[in-house]
Amino acid sequence: MRNRFQKTIITLIVGWLLLFVFLPNLMIIVTSFLTRDDANFVRLALTFDNYTRLLDPLYGAVLLHSLNMALIATLCCLLLGYPFAWCLTKLPPRVRPVMLFLLIVPFWTNSLIRIYGLKIFLSTRGWLNEFLLWLGVIDKPFRIMYTSEAVVLGLVYILLPFMVMPLYSSLEKLDKSCLEAARDLGASKLQTFWRIILPLTMPGIVAGCLLVLLPAMGLFFVADLMGGAKNLLIGNVIKSQFLNIRDWPFGAATSIVLTLVMGLMLLFYWRAARLLNKKVAELDN
């Protein structure tokens, strides 16, 4: 009876993955090698032109701009998330679950709705400008929306919890005896952080950076609502190819290239984590 139940569960999971993960991705791969057709979206004529078009400097500029904003958002999340995660580990055990709960609560609301709320808050006649005018800090409303800074702010607002969680996990598991040994040997707080805390929490840093960097390049609705037409992410290109221009083969090819880039980043994370674990094991020995 137990074996039959296990086989049933495994069959359902495998069937689900085949139907909703493998087949859609296979369709995207096949579509990327087909030809655009105005009547039927695609035509069964194999071509590599969809990939060669990505070598156009225009799409290269969009990719670099998208990567640049994603990197800036990742760095901001790291600078904000590391001290926050460190403070979480210093709280009493009874308070930590409450703070983690408050960190996760925003996930209960759709991210698109939260971006609309942020847009209202930062608009020229929004609450932020009204509050600063009331304080007398500014004489007239300043413009934040429809700039690259607004896109980065929106990405940080959405993705900051993805940085905090792996950092908190790494900092919580930090061996306190190493910190005590450094203090007994006369190391300063800066030396302790640079030589002990930072290397031991590097897997959490790399994991958090990947969890922020990879989605940041594809959150097209953040760029649409916060940045306008001049601050596109690579996700905006894919969305417009499928929904507006109706060039499905080129949109599929762009999606495949983005997936490969993300795969290379995940490979880098795996190699880095493996190397760090090896060094930690050598230090323990």
Practice task
Return, for the Cα atoms of the chain, the radius of gyration and Dmax in Å, separated by a comma.
Solution key: 23.4, 75
Problem - Nearest-20 debye value, segment 165-285 charge dipole, Cβ charges on Lys, Arg, Asp, Glu - result: 160
Handout entry: the chain - percent of accessible surface contributed by carbon and sulfur, probe 1.4 Å
Key = 70
Practice task
Calculate the dipole size of the chain relative to its Cα centre from +1 charges on Lys and Arg beta carbons and -1 charges on Asp and Glu beta carbons; express the result in debye to the nearest 20.
Solution key: 660
Practice task
Report relative contact order for segment 34-284 in percent, whole number only (criteria: Cα-Cα under 8 Å, sequence separation at least 6).
Solution key: 27
Problem - Solvent-accessible surface (1.4 angstrom probe) belonging to ASP49, in square angstrom, nearest 10 - result: 90
Completion exercise
Along the dipole axis of segment 169-285 (charges at Cβ: +1 for Lys and Arg, -1 for Asp and Glu; origin at the Cα centre), the most positive-end residue among VAL237, GLY186, ILE197 is VAL237
Handout entry: Partners for LYS189 among aspartates and glutamates (Cα-Cα distance below 19 Å; same-chain residues under 8 apart left out)
Key = GLU172, ASP175, GLU180
Practice task
Counting helices only, and only those DSSP H runs with n ≥ 4, report the 222 nm mean residue ellipticity of the chain as the sum of -39,500 (n - 2.57) divided by its residues, in deg cm²/dmol to the nearest 500.
Solution key: -22000 deg cm²/dmol
Fill in the blank from the handout: Looking only at lysines whose Cα falls under 16 Å of LYS173's and that sit 8 or more positions away or on another chain, we get LYS90
Completion exercise
Whole-Å distance linking the alpha carbon centroid of segment 120-136 with that of segment 46-61 is 43
Completion exercise
Excluding residues fewer than 8 positions from LYS140 in its own chain, the lysines with Cα under 30 Å of it are LYS119, LYS230
Practice task
Note down the nm distance, to one decimal, between modelled labels 7 Å out along Cα→Cβ at ILE28 and at THR47.
Solution key: 2.2
Fill in the blank from the handout: Judged on accessible area alone, 1.4 Å probe, highest first, ARG53, ARG143 line up as ARG143, ARG53
Problem - Listed residues VAL95, ALA45, SER66: farthest to the positive end of the dipole of segment 34-284 (Cβ charges) - result: VAL95
Exercise for the section: May I ask you to rank PHE221, PHE268, PHE121 by accessible area, largest first, using a 1.4 Å probe over the protein chains only? Expected result: PHE268, PHE121, PHE221
Handout entry: Computed accessible area, CYS178, all protein chains, 1.4 angstrom probe, square angstrom
Key = 50
Completion exercise
Note on the chain: helices (DSSP H) long enough, at least 27 Å by alpha carbon along their axis, and hydrophobic enough, mean Kyte-Doolittle at least 1.0, are 57-90, 148-172
Fill in the blank from the handout: Regression test value, accessible area per residue of segment 34-284, probe 1.4 Å, units Å², expected 60
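The values are calculated or read from the model by the stated rules, or taken from the named source; none is laboratory data. All of these numbers come straight from a predicted model, not from anything done at the bench. Neighbour counts are summed over all protein chains in view; Cβ atoms, including those assigned to glycine, are modelled from backbone coordinates with ideal geometry. Just so you know, the surface numbers come from the protein's heavy atoms only, side chains and all, with ligands and any DNA or RNA stripped out. Shrake-Rupley method; radii C 1.70, N 1.55, O 1.52, S 1.80 Å.
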